[in-house]
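*Asks:* I'd like to ask you about the structure that follows.
The values are calculated or read from the model by the stated rules, or taken from the named source; none is laboratory data. Only a predicted model underlies this, so the values are computations on that prediction, with no experimental measurement involved. Quick reminder, even Gly has a Cβ in these numbers, built from the backbone with ideal geometry, and neighbours come from all protein chains shown. The protein model used for the area step is the full one, side chains on, heavy atoms only, and it has no ligands, DNA or RNA in it. Shrake-Rupley method; radii C 1.70, N 1.55, O 1.52, S 1.80 Å.
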Amino acid sequence: MNYFSDSSEWQWMFDNAIDWKRILPLYYPHYPTVDGLETEEEVKSFLKEILGGVGEWAGTSVREIGQLLDEQGAGKVENGRTINSEALERMVKEARELQVYGITLPQEYGGMELPNAVYMMSQNLLSRSCMCTSTLLGFYTSLGEMLIRYCPKEVADQYVPQIIEGKISGSMNLTEPECGSDLSAMKTSATLQEDGTYLLNGQKIFITNGGGGLAFVLAKVKGDPDTLDGISMFFVRQDHPGKEGANFVVDKAEEKMGMHGSFTTVVTYEDTIGELVGVQGEGFKYMLHLMNEARILVGIQALGGIEESLDYAENYAKERVAFGKPLTELPLMKRNLEDYATERDAIRALLADTMSWFDIYLKLDNKKVHTGCDLSDEEKKLYDEASMWTRKRTPLVKFYATEAYTDLSKKAVQVLGGYGFIKEYPVERYHRDSFGPLLYEGTSQIQALMALKDTLKYVMKDPKKFFSGMFFKHPTTALINGDNEWSSQYKAVHYRFKKNLVSLVIGCLKPEAWKDVFDPKKWQQEERFEELMTHAETLCWALSYTETLRVLCDHANKDSTRSDLFMRYHRLIEPRLEAIYKDWEIRGQ
């Protein structure tokens, strides 16, 4: 089984949903390329070969490894260090042999320097087989990117080649006991030494891959404020040159309900030597850059889990006979499976479009920040557009895909009936694993609050434009413009969403008079937002549905055969949106 080459949906997404026309010139400004590729089509063919290789590995060996990791676990902790299990060591070794650690990292270090969209698609393919494998491999790539982006060149020169060779990896250390999403409450301290290094003291929990060897750690320099502006980032090595023994200690590996093959650790720092990364007090900003990419990747992970769960359930239903028919021919089961597949395919489309925008944003952002090169006027325009879409989509794809993974993997268990509850069948593992993506990199509630914040910032920037603008998007304009059926339906859905959003916002913020609606100063009173925050999750659902429908409409305009998916998804979400609007109306009374 090849998860890429055998998937007609991913083949379509590669050819049509990824904006290669704008992405490839950012990576390959001249032909022939360094690798001797003569044209854009040759580059795309090469990228397909890479994904085909990952898809083959994911569909064969990694499937076996996934089951073994669930049984054996990631390994154990001895003397403050993590020791890989046999299954995890096999995965690390195979990944090293296939040279998958440096897909996006620069060629000067031995990487392949491929577009980020290829890396994200490869993460999806691996997540189908084993959520733990994609998680671990992600910490090689992300660590290399952070070293190049924020650390001195001599540090990157030392460690990035080792990362690409699969010799070392690392972790991102944020969460502390009694300090989860509220990072301003963290206690880990950093004290400046005469040689310019810092001594770190504190403890971090829920740290994925905490024994990888390297770490970026958030801590507060003594004397800095207890706010996000008081958080700094430090680069730490477990084996620090000239220091006897471990520089930091892995206390234990947590036992989890799922994702057994991924180390989730408690890490303690006692006079741990660290080096300040960047500017003091800007650590949260640096980590936020990583977290934004991670949240999109978690959505992509969840999609892989959805695909594998439903694929297994559908194949089972085709073979299982009840009442003289395969389950797939029983009316209720047939409808359910069609609805599950519709949501899966719609989420895939949303994520493919999002990874395309993110690739453009990341490449131009790295050019601006890391190289110090000025962007051309055309690049600035593209950067602003990609930045806007990346910011808007990030909480939505993390929220929607992970919630859907937990729900649809549960549905897969139900398709198998009692067998779904038995370890002999892998769907119970898929469901257990689904709770990892649901929780890490910010829970659904955190994503919903982020989406609400971004929506309100958009409204507050120019309330008059926001409230008046909806009147120019009335569905009747579709008739004037001569839109096709799906474009007309999308505009009607979008108009109805904005109309109900206006009612919700006004109902919660309760302006004293209509003139207050158009006064940005009246929107700055924070106490007005508490009631609106209770609607954050339903708003995030509505935003996710309408944004996915937007993408499906764009795809149908590119290829009319995709209009069927648009129509099916429209039928699926219409009653969900109406239920949300009814909730807004009732709670607003």
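*Asks:* Could you check region 359-392 and list, in sequence order, the residues that are closer than 21 Å to residue 148 by Cα and of a type in the set (A, V, I, L, M)?
*Replies:* Those that are closer than 21 Å to residue 148 by Cα and of a type in the set (A, V, I, L, M): 360, 362, 364, 369, 375.
*Asks:* Also: Only one of 270, 293, 254 is in contact with a helix residue (DSSP H, G or I) (Cβ under 8 Å, 6 or more places away or on another chain) and in contact (Cβ under 8 Å) with a residue 12 or more places away in the chain; which?
*Replies:* Values: 270 fails: in contact with a helix residue (DSSP H, G or I) (Cβ under 8 Å, 6 or more places away or on another chain); 254 fails: in contact with a helix residue (DSSP H, G or I) (Cβ under 8 Å, 6 or more places away or on another chain).
Just a single option satisfies the conditions, and that option is 293.
*Asks:* Residue 356: exposed (fewer than 15 other Cβ atoms within 10 Å of the Cβ) and within 22 Å of residue 19 (Cα to Cα), yes or no? Write out each step before concluding.
*Replies:* On the way: exposed (fewer than 15 other Cβ atoms within 10 Å of the Cβ): no; within 22 Å of residue 19 (Cα to Cα): yes.
Answer is no for this residue.
Residue by residue, here is whether (1) under 28 Å from residue 301 (Cβ atoms); (2) modelled with pLDDT under 70; (3) not in a helix (DSSP H, G or I) holds:
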{"position": "438", "(1), (2), (3)": "yes, no, no"}
{"position": "452", "(1), (2), (3)": "yes, no, no"}
{"position": "458", "(1), (2), (3)": "no, no, no"}
{"position": "468", "(1), (2), (3)": "no, yes, no"}
{"position": "479", "(1), (2), (3)": "no, yes, no"}
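*Asks:* Filter region 553-589 for residues that are outside any helix (DSSP H, G or I) and touching a helix residue (DSSP H, G or I) at 6+ places or on another chain (Cβ under 8 Å); which is surrounded by the fewest Cβ atoms within 10 Å (Cβ to Cβ)? First the steps, then the outcome.
*Replies:* Let us first name the residues in region 553-589 that are outside any helix (DSSP H, G or I), namely 559, 588-589.
Cutting the leftovers down to touching a helix residue (DSSP H, G or I) at 6+ places or on another chain (Cβ under 8 Å) gives us 559, 588.
On the way: 559: 11, 588: 14.
Taking the candidates together, the pick is 559.
*Asks:* Taking the stated definitions as given, is residue 366 more than 18 Å from the chain's Cα centre (by Cα) and more than 25 Å from residue 431 (Cα to Cα)? Let's see the steps before the verdict.
*Replies:* On the way: more than 18 Å from the chain's Cα centre (by Cα): yes; more than 25 Å from residue 431 (Cα to Cα): yes.
Taking the combined requirement at face value, the residue satisfies it.
*Asks:* Looking at region 163-186 only, could you name the residues that are open to solvent by 40 Å² or more (accessible area, probe 1.4 Å) and over 26 Å from residue 228 (Cα atoms)?
*Replies:* Residues satisfying the conditions are 165, 167.
*Asks:* Kindly indicate which of 294, 322 is over 24 Å from residue 559 (Cβ atoms), touching an Asp or Glu at 6+ places or on another chain (Cβ under 8 Å) and modelled with pLDDT under 95. Give the steps one after another, and end with the answer.
*Replies:* Values: 322 fails: touching an Asp or Glu at 6+ places or on another chain (Cβ under 8 Å).
Within the list 294, 322, the selection yields 294.
*Asks:* Among the residues of region 1-22, which ones are open to solvent by 20 Å² or more (accessible area, probe 1.4 Å) and either part of a helix (DSSP H, G or I) or under 17 Å from residue 41 (Cβ atoms) (or both)?
*Replies:* Once the filter is applied, which keeps residues that are open to solvent by 20 Å² or more (accessible area, probe 1.4 Å) and either part of a helix (DSSP H, G or I) or under 17 Å from residue 41 (Cβ atoms) (or both), region 1-22 yields 8, 9, 11, 12, 15, 16, 19, 21, 22.
*Asks:* For region 390-397, state whether one or more residues are over 13 Å from the mean Cα position of the chain (by Cα) and crowded, with 19+ Cβ neighbours inside 10 Å.
*Replies:* No, every residue in region 390-397 fails to be over 13 Å from the mean Cα position of the chain (by Cα) and crowded, with 19+ Cβ neighbours inside 10 Å.
*Asks:* Could you count how many residues in region 69-101 are open to solvent by 20 Å² or more (accessible area, probe 1.4 Å) and either outside any helix (DSSP H, G or I) or within 30 Å of residue 115 (Cβ to Cβ) (or both)?
*Replies:* Number of matching residues: 17.
*Asks:* When both residues are 6+ apart or on different chains and their Cβ atoms are under 8 Å apart, which pairs have a first residue that lies in region 319-339 and is closer than 17 Å to residue 412 by Cα, and a second that is surrounded by fewer than 16 Cβ atoms within 10 Å (Cβ to Cβ) and of a type in the set (Asp, Glu)?
*Replies:* Pairs that qualify, where the first residue is closer than 17 Å to residue 412 by Cα and the partner is surrounded by fewer than 16 Cβ atoms within 10 Å (Cβ to Cβ) and of a type in the set (Asp, Glu), are 326/319.
*Asks:* Give just the number: which of (1) farther than 27 Å from residue 396 by Cα; (2) open to solvent by less than 20 Å² (accessible area, probe 1.4 Å); (3) of a type in the set (A, V, I, L, M, F, W, C); (4) out of contact with any Lys or Arg (no Cβ under 7 Å at 6 or more places or on another chain) does residue 276 not satisfy?
*Replies:* (2)
*Asks:* Which residue is least open to solvent (accessible area, probe 1.4 Å), if the candidates are limited to region 426-464 and must be among the β-branched types (Val, Ile, Thr) and closer than 30 Å to residue 262 by Cβ? Break it down into steps so the answer makes sense when it comes.
*Replies:* Taking region 426-464 first, the residues among the β-branched types (Val, Ile, Thr) are 427, 443, 446, 455, 459.
Then drop every residue that is not closer than 30 Å to residue 262 by Cβ, which leaves 427, 443, 446.
Numbers: 427: 1, 443: 43, 446: 46 Å².
In this case the residue turns out to be 427.
*Asks:* Identify the single condition in (1) in a helix (DSSP H, G or I); (2) touching a helix residue (DSSP H, G or I) at 6+ places or on another chain (Cβ under 7 Å) that residue 281 does not satisfy, given that it satisfies every other one.
*Replies:* (1)
*Asks:* May I ask you to list the residues in region 254-273 that are of a type outside the set (D, E, K, R) and open to solvent by 40 Å² or more (accessible area, probe 1.4 Å)? Can you show your working first?
*Replies:* So in region 254-273, the residues of a type outside the set (D, E, K, R) come out as 257-269, 272-273.
The answer is 257, 260.
*Asks:* Next question. Looking only at residues that are open to solvent by 10 Å² or more (accessible area, probe 1.4 Å) and of a type in the set (Ser, Thr, Tyr) in region 198-235, which one is farthest from residue 166 (Cα to Cα)? Explain how you work it out, then say what you get.
*Replies:* Taking region 198-235 and keeping what is open to solvent by 10 Å² or more (accessible area, probe 1.4 Å), we get 198-199, 201-203, 205-206, 208-209, 211-213, 220-229.
Checking which are of a type in the set (Ser, Thr, Tyr) leaves us with 198, 208, 227.
Working: 198: 28, 208: 17, 227: 37 Å.
Checking each candidate, the answer is 227.
*Asks:* Which numbered condition trips up residue 190, out of (1) under 28 Å from residue 2 (Cα atoms); (2) in contact (Cβ under 8 Å) with a residue 60 or more places away in the chain; (3) crowded, with 24+ Cβ neighbours inside 10 Å?
*Replies:* Here residue 190 clears every test but (1).
*Asks:* Let me ask another. Cβ-Cβ under 7 Å, sequence separation 6+ or interchain: first residue in region 85-107 and closer than 17 Å to residue 125 by Cα and without any contact (Cβ under 8 Å) to a residue 40 or more places away in the chain, partner assigned to a helix (DSSP H, G or I) and open to solvent by less than 40 Å² (accessible area, probe 1.4 Å). Which pairs?
*Replies:* Between residues of region 85-107 that are closer than 17 Å to residue 125 by Cα and without any contact (Cβ under 8 Å) to a residue 40 or more places away in the chain and residues that are assigned to a helix (DSSP H, G or I) and open to solvent by less than 40 Å² (accessible area, probe 1.4 Å), the close pairs are 94/61.
*Asks:* Please verify whether region 57-68 includes one or more residues that are open to solvent by 10 Å² or more (accessible area, probe 1.4 Å), on the phi < 0 side of the Ramachandran plot and in contact with a Gly (Cβ under 9 Å, 6 or more places away or on another chain).
*Replies:* Looking through region 57-68, at least one residue is open to solvent by 10 Å² or more (accessible area, probe 1.4 Å), on the phi < 0 side of the Ramachandran plot and in contact with a Gly (Cβ under 9 Å, 6 or more places away or on another chain).
*Asks:* Report, by residue number, each residue of region 110-162 that is outside any helix (DSSP H, G or I) and buried (at least 24 other Cβ atoms within 10 Å of the Cβ).
*Replies:* Going residue by residue through region 110-162, those that are outside any helix (DSSP H, G or I) are 110-115, 130, 151-152.
The answer is 115, 130.
*Asks:* Another question, then. Please determine, by comparing only the residues of region 27-56 that are among the small types (Gly, Ala, Ser) and on the phi < 0 side of the Ramachandran plot, which one is most open to solvent (accessible area, probe 1.4 Å). I'd like the intermediate steps shown before the answer.
*Replies:* Of the residues in region 27-56, the ones among the small types (Gly, Ala, Ser) are 36, 45, 52-53, 55.
Then drop every residue that is not on the phi < 0 side of the Ramachandran plot, which leaves 45, 52-53, 55.
Values: 45: 60, 52: 10, 53: 41, 55: 0 Å².
For region 27-56, the residue satisfying everything is 45.
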